[in-house]
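Notes for the one structure printed next.
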Amino acid sequence: MIKEKVIETIKKYNLIVDGDKIVLGVSGGPDSISMLYLLNEIKNEKIINFDIVVAHINHGLRENAILDENYVKEFCEQLSIPFYVLHANVEEEAIKRKKGLEETGREIRYEFFDEILKKENANKIAIAHNKNDSTETVLMNLIRGTGISGLKGIEKINGIYIRPLIEIERTEIEKYCEDTNLSPRHDETNDENIYTRNKMRNIIIPYIKKELNPNILKTITRLSEIAKEESDYIQEQAEKAYYNICIEENIIKENVYNNENKSTIILDLKKFNTEHILIQKKVILIAINKLFGTTNGIEKIHIEDIIKLCNNNIGNKFLTPNKKTKIVIKNKKIYVESQN
């Protein structure tokens, strides 16, 4: 039964523990409604002692959006669960942010979830990704080009974000909705094969299942588990190497781009050059992430250029992989700096 599988996932990966307060992202579709219904049952049965609140976003992109909103609101009222809604104009916001609709919609969702997390003094956010979503992500990453980390699929737990349904297949969720008469909402845009994920979901994976490998979900899941083990091990070794190589960290949280108060990480050039190139790449990424809290804007070619600069071992040389970051080789040291 699906509930037992969800409980097993929760306990296996320690997704929810006694005392947690969780914000559930609920769109009204089969996945999120099932997650809401299941977690509410688990909570009420005192299997784990935790609280839940629901966050719903009306993106203003579909005519039926208000029907979805009302459905989730009424569902929460029936279960006596706190309900929050955000009305967003994603099209206008996408223009302001100079980004695509999908990316902007995702950013707005997670910003709203974080807002409700703070408002409710919650400590976790539950997202209703399932096993199919993870498989789609892996295949999309493969097509775009990825390293080992891109083969891990969607993480079961990532910081404050948890995914209780990540080991459940979409067909199981749909059957569960039928068996429990949940009558979830249907997002008709999921049927439009204009988005990459929809093409993967509606065309490519069904073709693979029919013509090549009927067990593709299990196959990709095994691949993801292996990739996660290897990726986590490499990251662990890279972090050990970083702390061995690091001479100084001067990270200024406020006004990080002020020239008078640059954030700087200094690495030992000789120690850096003795490491395997894979560890070197990870060490550079760790340093940049420590400075800015992200590695966005740093591409594969940037990392390769930085390593070439370091391996040449020529002093007083520098490069700027992007507008924020400057790498300087000086006095047998590597300076990773923030800049305007």
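Please name all residue pairs, on different chains or six or more residues apart, with Cβ atoms under 9 Å, provided the first residue is in region 203-217 and is surrounded by fewer than 16 Cβ atoms within 10 Å (Cβ to Cβ) and the second residue is not hydroxyl-bearing (Ser, Thr, Tyr) and not in a helix (DSSP H, G or I).
203/193; 209/215
If I filter region 95-111 for residues that are open to solvent by less than 80 Å² (accessible area, probe 1.4 Å), without any contact (Cβ under 8 Å) to a residue 60 or more places away in the chain, more than 26 Å from residue 8 (Cα to Cα) and out of contact with any Asp or Glu (no Cβ under 9 Å at 6 or more places or on another chain), do I get at least one hit?
Yes, some residue in region 95-111 is open to solvent by less than 80 Å² (accessible area, probe 1.4 Å), without any contact (Cβ under 8 Å) to a residue 60 or more places away in the chain, more than 26 Å from residue 8 (Cα to Cα) and out of contact with any Asp or Glu (no Cβ under 9 Å at 6 or more places or on another chain).
Within region 168-204, which residues are in a loop (DSSP other than H, G, I, E, B) and β-branched (Val, Ile, Thr)?
Within region 168-204, 168, 180, 194 meet the criteria.
Out of region 21-60, which residues are assigned to a loop (DSSP other than H, G, I, E, B) and open to solvent by less than 10 Å² (accessible area, probe 1.4 Å)?
Passing the criteria: 26, 28, 50.
Would you mention how many residues in region 2-20 are assigned to a loop (DSSP other than H, G, I, E, B) and without any contact (Cβ under 8 Å) to a residue 12 or more places away in the chain?
Total meeting the criteria: 0.
Being farther than 30 Å from residue 42 by Cα and surrounded by 13 or more Cβ atoms within 10 Å (Cβ to Cβ), is that true of even one residue in region 150-166?
Scanning region 150-166, I find at least one residue that is farther than 30 Å from residue 42 by Cα and surrounded by 13 or more Cβ atoms within 10 Å (Cβ to Cβ), so the answer is yes.
Among the residues that make up region 168-182, is at least one of them farther than 22 Å from residue 291 by Cα, exposed (fewer than 13 other Cβ atoms within 10 Å of the Cβ) and β-branched (Val, Ile, Thr)?
yes
Condition check: more than 30 Å from residue 338 (Cα to Cα), exposed (fewer than 13 other Cβ atoms within 10 Å of the Cβ) and out of contact with any Asp or Glu (no Cβ under 7 Å at 6 or more places or on another chain). Does residue 187 satisfy that? Let's see the steps before the verdict.
Values: more than 30 Å from residue 338 (Cα to Cα): yes; exposed (fewer than 13 other Cβ atoms within 10 Å of the Cβ): no; out of contact with any Asp or Glu (no Cβ under 7 Å at 6 or more places or on another chain): yes.
Answer is no for this residue.
What number of residues within region 112-129 are of a type in the set (Lys, Arg) and either surrounded by 19 or more Cβ atoms within 10 Å (Cβ to Cβ) or at pLDDT below 95 (or both)?
Taking region 112-129 and keeping what is of a type in the set (Lys, Arg), we get 118-119, 124.
Checking which are either surrounded by 19 or more Cβ atoms within 10 Å (Cβ to Cβ) or at pLDDT below 95 (or both) leaves us with 124.
Selection size over region 112-129: 1.
Does at least one position in region 56-68 carry a residue that is within 19 Å of the chain's Cα centre (by Cα), under 21 Å from residue 106 (Cβ atoms) and of a type in the set (Asp, Glu)?
No, the conditions are met nowhere in region 56-68.
Of all residues being assigned to a helix (DSSP H, G or I), in contact with a helix residue (DSSP H, G or I) (Cβ under 6 Å, 6 or more places away or on another chain) and open to solvent by 40 Å² or more (accessible area, probe 1.4 Å) in region 69-94, which is modelled with the highest pLDDT? Just the residue, please.
79
Taking the criterion of being in contact with a helix residue (DSSP H, G or I) (Cβ under 7 Å, 6 or more places away or on another chain), in a helix (DSSP H, G or I), in contact (Cβ under 8 Å) with a residue 60 or more places away in the chain and of a type in the set (A, V, I, L, M, F, W, C), would at least one residue in region 126-138 satisfy it? Before you say what the answer is, go through the steps one by one.
In the first step, residues of region 126-138 are kept if they are in contact with a helix residue (DSSP H, G or I) (Cβ under 7 Å, 6 or more places away or on another chain); the result is 126, 128, 130-132, 134-136, 138.
Checking which are in a helix (DSSP H, G or I) leaves us with 131-132, 134-136, 138.
With in contact (Cβ under 8 Å) with a residue 60 or more places away in the chain added as a condition, the list becomes 131-132, 134-136, 138.
Cutting the leftovers down to of a type in the set (A, V, I, L, M, F, W, C) gives us 138.
Checked region 126-138: at least one residue is in contact with a helix residue (DSSP H, G or I) (Cβ under 7 Å, 6 or more places away or on another chain), in a helix (DSSP H, G or I), in contact (Cβ under 8 Å) with a residue 60 or more places away in the chain and of a type in the set (A, V, I, L, M, F, W, C).
For residues that are touching a Ser or Thr at 6+ places or on another chain (Cβ under 8 Å) and part of a loop (DSSP other than H, G, I, E, B), scanning just region 148-167, find the one that is nearest to residue 10 (Cα to Cα).
Going through the qualifying residues, I end up with 164.
Do we find a residue being assigned to a helix (DSSP H, G or I), open to solvent by 20 Å² or more (accessible area, probe 1.4 Å) and in contact with a helix residue (DSSP H, G or I) (Cβ under 8 Å, 6 or more places away or on another chain) anywhere in region 306-327?
yes
The values are calculated or read from the model by the stated rules, or taken from the named source; none is laboratory data. Since the model is a prediction, treat every value here as computed from it, not as a measurement. Reconstructed Cβ throughout: ideal geometry from the backbone, glycine too, with neighbour counts over all protein chains shown. The accessibility values were calculated without ligands, DNA or RNA, using every heavy atom of the protein model including side chains. Shrake-Rupley method; radii C 1.70, N 1.55, O 1.52, S 1.80 Å.
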